[in-house]
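No lab work stands behind these numbers, since they all come straight from the coordinates. Remember, predicted model here, so these are calculated numbers, not experimental data. Using ideal geometry, Cβ is built from the backbone for each residue, glycine included, and neighbour counts are taken over all protein chains shown.
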Amino acid sequence: MLGSLSDLERRLAVPYAVLMIGANIVGAVIVTALIRFVLPLPHIDDPHHVTQVNMVWLAGYLAIAVPVGVVWVLWLLRPVLAWLRADRPPTPEEQRLVLLTPAREVVAHGVLWGLSIVLFFIINSRYSHKLAVLSAITIALGALATCAFAYLLAQRVLRPVAARALADSVPDDPALPGITTRVLLTWALGSAVPVLGVTLVGAGQLTGAVEASAHRLAITATVLGAIALLVGVAVMALTARSLSDPLESLRRAVRRVQGGEQDAEVDVYDGSEVGLLQAGFNRMVSGLREREELRDLFGRQVGEDVARQALERGITLGGEEIDVAVLFIDLVGSTELAHQRPPAEVVELLNEFFHVVIDVVDEQGGTVNKFIGDAALVVFGAPLHHDDAAGAALRAARTLRLRLAEEVPHLDVGIGVSAGLAVAGNIGAQQRFEYTVIGDPVNEASRLTELAKQHDGRVLASRAALERADADERRRWGDVGEETLRGRAEPTRLAAPA
């Protein structure tokens, strides 16, 4: 059977079978030591003969039970190996079989040990009813120890397989016994078995079922106490590792998330509450990652400042009147550009153009409110307050003209700057809205941009914007007359970079 297994299956099946055999040998050694050297036996006529009979039967039973147990264990492991051989995600039934394999192995051990209890009870009942009962109880203690030890070992060995079975989904209803069951098994193996042995000896001595000297009782108490200490430490360490390992991996993953890593995940290899905790952590991180991606996308769509304000204050329709500065920038000859160049090249040029716009606006503390085809509306003073909104808008206009001429020389632009009171807020409906700025400065900046396309410097600002800027920025601009903009009755005084 093992000869046809793949390397992965061999690495699983061979250690698994060896450990299961080892668990049963440990149980047999415990039973033999208890009966032969520890527990005070009732009076029988020929104890040496009875011991020889029991040892012969024990050897014969082990010669049959061990191979049967190995075959049974591997047979129960067969569906798991078949799934591993298929190299695909498990079906719900296959996943359940993988997770329940340790418990199914315990059933196999329990059946074999149960048969031995019946067998040796019958054998020893020919010599003494008390001896038969004592041997049955002792074998039952060994069976309890073997089953508990085998379960903890099986769960440990099958951890990589369980991780593979739980990689895609984790059942809401834990398939494996939980933490409480593990702790109880640990207590049964490390404490209950030896303590129960001491209790039985004491009860037998009190009731007269067994008779032992003080020296014999002292040996019994010492050996059982040593078993409780040594075995207790071993199984407690095994159980502690089964709980501390996943918690330690969770702790490391939490530190990674705290450090800003959104791809931190832990392997899910447990079908109990521990596995649900591992899977819950992965789902939480996935949700955090998705929300972070949405927030990043939201910030790229509406602007980081708008997104942050929406997250902090919530979403309400309507706006507030605020003093802002507005910069409007638009390409010159965009229709001709689209006609002469392939669409992909036009998009590439626009991306280069907008990259410079965003870079300069960010430096000056403004917000690109929206892209309108080949134009952009930039706002200073909303949604975040700016101490010198008009000055920042004017500096951005001058810087944009210089940088665009250097970095995207084949594009020509017109830039208009205005300032004044406007309404800034969310416009639309609850299902779909946008943050925007509405008011006279926006209209004036748009009209100035159209006029700037015909001006040599390609940059124009209203006198209202200049008057709101600081003295240093005002010195960098000069009057260039006045013009009655489209849609206005009064002329607008114009300024351009000096």
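Apply 1/(1 + (r/R0)^6) to the Cβ-Cβ distance of Thr181 and Glu261, taking R0 = 41 Å, and write down the FRET efficiency to the nearest 0.05.
Between Thr181 and Glu261 the formula returns 0.75.
How many nm separate the modelled label positions at Asp479 and Arg88, each set 7 Å beyond the Cα in the direction of the Cβ?
Reported label-point gap for Asp479 and Arg88 is 8.4 nm.
From Cα pairs below 8 angstrom and at least 6 apart in sequence, can you work out the relative contact order of the stretch 314-497, rounded to a whole percent?
26
Using the Karplus curve 6.51 cos²θ - 1.76 cosθ + 1.60 with θ = phi - 60°, work out ³J(HN,Hα) for each residue of the stretch 344-352 in order, rounded to whole Hz, and write x for Gly and Pro.
For the stretch 344-352, the Karplus curve yields 5, 5, 5, 4, 5, 5, 5, 5, 5 Hz.
Quick one: net charge around Gly333, please, counting Lys, Arg +1 and Asp, Glu -1 for every other residue with C-beta under 11 Å from its C-beta.
With Lys, Arg at +1 and Asp, Glu at -1, the net is -3.
Name the residues whose placed amide hydrogens come within less than 5 Å of the amide hydrogen of Val480, ignoring near sequence neighbours (fewer than 5 apart) on the same chain.
Excluding prolines and chain starts, which carry no amide H, the hits are Leu494, Ala495, Ala496.
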